[in-house]
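Below: the structure, in structure tokens.
The values are calculated or read from the model by the stated rules, or taken from the named source; none is laboratory data. Since the structure is predicted, the reported quantities are computational estimates derived from the model, not experimental observations. Positions of Cβ are backbone-derived with ideal geometry, glycine not excepted, and every protein chain shown enters the neighbour counts.
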Amino acid sequence: MTKNRAGAEQALLQRWEQSGGVSRPSDNFVFTQTRAEARQLNRRCQQIRQEQGAVDTARGTTVGGETYFRGDRVMFHKPDRGRGIENGYRGTVLQSSADRLVIRLDREPSESQRARGHSQVVTLTVRDVPKDSLTLGYAATTHKMQGNTVSNSFLLMGGAMTGRELAYVQATRARDNTWLFADRLTAGDDLADLAKAMSRSRGKQMAHDIAASGSTSSAGDRRTERGKGQELTRQLQIER
């Protein structure tokens, strides 16, 4: 736990880097509560990888105010079924130029997609990318990553969105390791404030937020998350 929010973000980035975020960004993912936090941490992760030579900045493609380079991770926020892309798909930039991106998607196409001529490698021109449909893919809101798992997750905790359902979703996205980062103002001196926030149910609001984010989680999944979120916050209260 750090003194302020900036300190929490810096500690998160240091752990992300130490855990292999530079060389294996697809395995190490940052979870935030707001899109503004995701945008900021995406840019900082990109910068760290640029500084260490993992991203080739010789040529870039600028779309919607963001510039993407060869080696960057990206995330789609709108479907493009003509290319076999669904909302939430992630991938790696293989080539970038002034007006074109070549991206290898993490997911291989299904048999039906292959039958329609879709490939795991897609080529996009700048005019092919609708507004707000593509971002860097190192960080995203927890709602956006609903139903997805990664090897290691790095959670920026606290804020108005905190509740037991979201807390459970945040804490169960990783197959291997989960790190939580919070500032003292949000968490309280002994984590009491954070534990209290995580104990409150925000089920109805979460359902609305998930629908807005494009997640396809079911009502049953959300009920499970509410129940397990209660257990998670009980553990936090015991262990803090």
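Which of the numbered conditions does D183 fail, given that it passes all the others? Conditions: (1) of a type in the set (D, E); (2) at pLDDT below 65; (3) more than 27 Å from K78 (Cβ to Cβ).
(2)
In region 26-45, is there at least one residue being touching a helix residue (DSSP H, G or I) at 6+ places or on another chain (Cβ under 9 Å), more than 21 Å from L134 (Cβ to Cβ) and in a helix (DSSP H, G or I)?
Looking for residues that are touching a helix residue (DSSP H, G or I) at 6+ places or on another chain (Cβ under 9 Å), more than 21 Å from L134 (Cβ to Cβ) and in a helix (DSSP H, G or I), one finds none in region 26-45, hence no.
Just for strands (runs of 3 or more DSSP E) wholly inside region 94-137: which have at least 1 residues that are in the same structural domain as G60 (by TED's automatic domain parsing), in contact with a strand residue (DSSP E or B) (Cβ under 7 Å, 6 or more places away or on another chain) and free of Cβ contacts under 8 Å to residues at least 60 places away in the same chain?
Fully inside region 94-137 and qualifying: 100-105, 121-125.
Hey, any hits in region 89-101 for a residue that's buried (at least 22 other Cβ atoms within 10 Å of the Cβ), of a type in the set (A, V, I, L, M, F, W, C) and under 18 Å from K131 (Cα atoms)?
yes
Does V22 count as in the same structural domain as K131 (by TED's automatic domain parsing), among the hydrophobic types (A, V, I, L, M, F, W, C) and either at pLDDT 95 or above or under 14 Å from T92 (Cα atoms) (or both)? It would help to see each step written out before you state the result.
Values: in the same structural domain as K131 (by TED's automatic domain parsing): no; among the hydrophobic types (A, V, I, L, M, F, W, C): yes; either at pLDDT 95 or above or under 14 Å from T92 (Cα atoms) (or both): yes.
Against the criterion (in the same structural domain as K131 (by TED's automatic domain parsing), among the hydrophobic types (A, V, I, L, M, F, W, C) and either at pLDDT 95 or above or under 14 Å from T92 (Cα atoms) (or both)), V22 does not qualify.
Within the group G88, G21, G53, G82, which residue is free of Cβ contacts under 8 Å to residues at least 12 places away in the same chain and assigned to a loop (DSSP other than H, G, I, E, B)? Quick ask: steps written out before the conclusion?
Numbers: G88 fails: free of Cβ contacts under 8 Å to residues at least 12 places away in the same chain; G21 fails: free of Cβ contacts under 8 Å to residues at least 12 places away in the same chain; G82 fails: assigned to a loop (DSSP other than H, G, I, E, B).
The match here is G53.
Looking only at region 56-79, which residues are among the small types (G, A, S) and not in a strand (DSSP E or B)?
Residues satisfying the conditions are G64, G65, G71.
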